[in-house]
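Enquirer: Below: one structure in structure tokens.
The values are calculated or read from the model by the stated rules, or taken from the named source; none is laboratory data. Just so it is clear, the structure is predicted and the values come from calculations on it, not from any experiment. No Cβ is skipped: glycine too gets one built from the backbone with ideal geometry, and neighbour counts run over all protein chains shown.
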Amino acid sequence: MRVFVAGGSGALGRQLVPQLVARGHQVTATTTSSAKLGLLEKLGAEAVVMDGLDAGSVEAAVAKAEPEAIVHQMTAIAVGHAGKADMKHMDRWFAGTNRLRTEGTDHLLAAAAAAGVTNFVAQSYGAWNGLRTGGWVKAEADPIDPMTGTPAEPGMAAIRHVEDAVVKAGGAVLRYGWFYGPGAMDDLVEPVRKRQFPVVGSGAGRCSWVHLVDAASATVLAVEQQAQGVFAIGDDEPAPASEWLPYLAAAAGAKRPMRVPVWLARPLAGVVAVTVMTEGRGFSNARAKRELGWELQYPSWREGFKAELA
Ligand SMILES: NC(=O)c1ccc[n+]([C@@H]2O[C@H](COP(=O)([O-])OP(=O)(O)OC[C@H]3O[C@@H](n4cnc5c(N)ncnc54)[C@H](OP(=O)(O)O)[C@@H]3O)[C@@H](O)[C@H]2O)c1
């Protein structure tokens, strides 16, 4: 199949492109920077520069590639695009990503329609952001928590946009869990090593994790099967922060994380971080396993963290 990966140079794209190539697909992958064209070519793709926020740029790149499937992995969360990670001001940190998930999605869907492409797979997010009522582990039919009145609200609205628009167009959205793996460990582990990543309150909030290799393999399956609808792509063990965080610290050879009460964490780390740690809801991967036949290399973050940090 000819597959167009918008955002092929990112943490996930760098796993996805070679997996698609290994399965015999012909891949065109994009970056915003001509300095990364060589990296994409090394991964086996035809490389193009494209700005996902520029409708003309998107339409031209898609038309030239003549794809049969389009994958949307454009985000601007990394330091180079968004500056330093800032959970407390998530609206600012995610401003570029939110535009890519709204305007960028619309440009890509318009380009897909113009090129007659209906096989469309897009990135969504389902790590800790399930609705904070009822059970601790959610299914695809459960809505994303709108996080009303918090700095995460615009981000959740952008996720809702990507999901609604892509499903309406007959495509699939993958609610990936919290990424870890090659290129995504340093940001995670550095604050743990510095003891700047405490367990807040009870630490009962659940999170779904996913190794980038597994996130990529689920994406390949969604493309090959021309999947439709929403799929949660997290591992088998959505877990409370009180479990995964001390385990991550131990695997990284760091000291045990501190425990901080909610009243102290809220002004320091912000309401979103406190919510993740105390009330977060993870997601079940049952549908992806059943319908896509997804098999994970790292069914639990326990093996995955150890493998990455060994
Ligand atoms: N995905 C999530 O929801 C999420 C949430 C929390 C944390 N993280 C963490 O964030 C780190 C990586 O950041 P990331 O998820 O943003 O991925 P990334 O690894 O930076 O990949 C983003 C992709 O989008 C492309 N892109 C950026 N701006 C674009 C634009 N205007 N038009 C077209 N393409 C554009 C990038 O291209 P170029 O950079 O080559 O131009 C790149 O290919 C990882 O450590 C991950 O764990 C991710």
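Enquirer: Considering Ala310, Ala216, which residue is out of contact with any strand residue (DSSP E or B) (no Cβ under 8 Å at 6 or more places or on another chain), closer than 22 Å to Asp187 by Cβ and crowded, with 19+ Cβ neighbours inside 10 Å?
Expert: From the options Ala310, Ala216, the qualifying one is Ala216.
Table: residues versus (1) farther than 26 Å from Pro191 by Cβ; (2) buried (at least 18 other Cβ atoms within 10 Å of the Cβ); (3) in contact (Cβ under 8 Å) with a residue 40 or more places away in the chain.
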position: Phe231; (1), (2), (3): yes, yes, yes
position: Ala251; (1), (2), (3): no, yes, yes
position: Lys255; (1), (2), (3): no, no, yes
position: Arg287; (1), (2), (3): yes, yes, yes
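Enquirer: Quick check: is even one residue across the stretch 241-249 assigned to a helix (DSSP H, G or I) and aromatic (Phe, Trp, Tyr)? Spell out the reasoning first.
Expert: Filtering the stretch 241-249 for residues assigned to a helix (DSSP H, G or I) gives 241-249.
Okay, now just the ones that are also aromatic (Phe, Trp, Tyr), so 244, 247.
Yes, that holds for at least one residue.
Enquirer: Of all residues in the stretch 97-116, how many are free of Cβ contacts under 8 Å to residues at least 12 places away in the same chain and either within 15 Å of the ligand (Cβ to nearest atom) or assigned to a helix (DSSP H, G or I) (or both)? Let's see the steps before the verdict.
Expert: Initially, the stretch 97-116 is screened for residues free of Cβ contacts under 8 Å to residues at least 12 places away in the same chain, giving 116.
Next, from what is left, pick out any that are either within 15 Å of the ligand (Cβ to nearest atom) or assigned to a helix (DSSP H, G or I) (or both): none.
Qualifying residue count, the stretch 97-116: 0.
Enquirer: Turning to a different aspect of this structure: Just wondering, is there one or more residues in the stretch 285-301 that are touching a Cys at 6+ places or on another chain (Cβ under 6 Å) and not in a helix (DSSP H, G or I)?
Expert: Step one: list which residues in the stretch 285-301 are touching a Cys at 6+ places or on another chain (Cβ under 6 Å), which gives none.
Looking through the stretch 285-301, none of the residues is touching a Cys at 6+ places or on another chain (Cβ under 6 Å) and not in a helix (DSSP H, G or I).
Enquirer: A further question follows. Evaluate the stretch 151-166: report whether one residue or more is touching a residue at least 24 places away in the same chain (Cβ under 8 Å), outside any helix (DSSP H, G or I) and either more than 16 Å from the ligand (Cβ to nearest atom) or of a type in the set (Phe, Trp, Tyr) (or both).
Expert: No: zero hits.
Enquirer: For the stretch 7-36, give me the residue count where each residue is within 9 Å of the ligand (Cβ to nearest atom) and within 18 Å of Leu108 (Cα to Cα). Give the derivation first.
Expert: Just the residues of the stretch 7-36 that are within 9 Å of the ligand (Cβ to nearest atom), to begin with: 7-14, 29-33, 35-36.
Keeping just the survivors that are within 18 Å of Leu108 (Cα to Cα) gives 7-10, 13, 29-32.
Within the stretch 7-36, residues that are within 9 Å of the ligand (Cβ to nearest atom) and within 18 Å of Leu108 (Cα to Cα) number 9.
Enquirer: Going through Asp214, Asp235 one at a time, which residue ends up being closer than 17 Å to Gln297 by Cβ, at pLDDT 95 or above and not in a helix (DSSP H, G or I)?
Expert: The match here is Asp235.
Enquirer: Residues in the stretch 35-58 that are in a helix (DSSP H, G or I) and crowded, with 21+ Cβ neighbours inside 10 Å: how many?
Expert: Residues in the stretch 35-58 being in a helix (DSSP H, G or I) and crowded, with 21+ Cβ neighbours inside 10 Å: 2 in total.
Enquirer: Give the residue that is farthest from Ala22 (Cα to Cα), with candidates limited to residues of the stretch 37-58 that are small (Gly, Ala, Ser) and near the ligand (Cβ under 9 Å from one of its atoms).
Expert: It comes out as Ser57.
Enquirer: When you check Gly83 against the structure, is it of a type outside the set (D, E, K, R), more than 10 Å from the ligand (Cβ to nearest atom) and modelled with pLDDT under 95, yes or no?
Expert: yes
Enquirer: Ok, one more. Select from the stretch 59-80 the residues that are touching a residue at least 24 places away in the same chain (Cβ under 8 Å) and within 8 Å of the ligand (Cβ to nearest atom) and write down the one among them that is surrounded by the most Cβ atoms within 10 Å (Cβ to Cβ).
Expert: Step by step, filter the stretch 59-80, then rank; the result is Met74.
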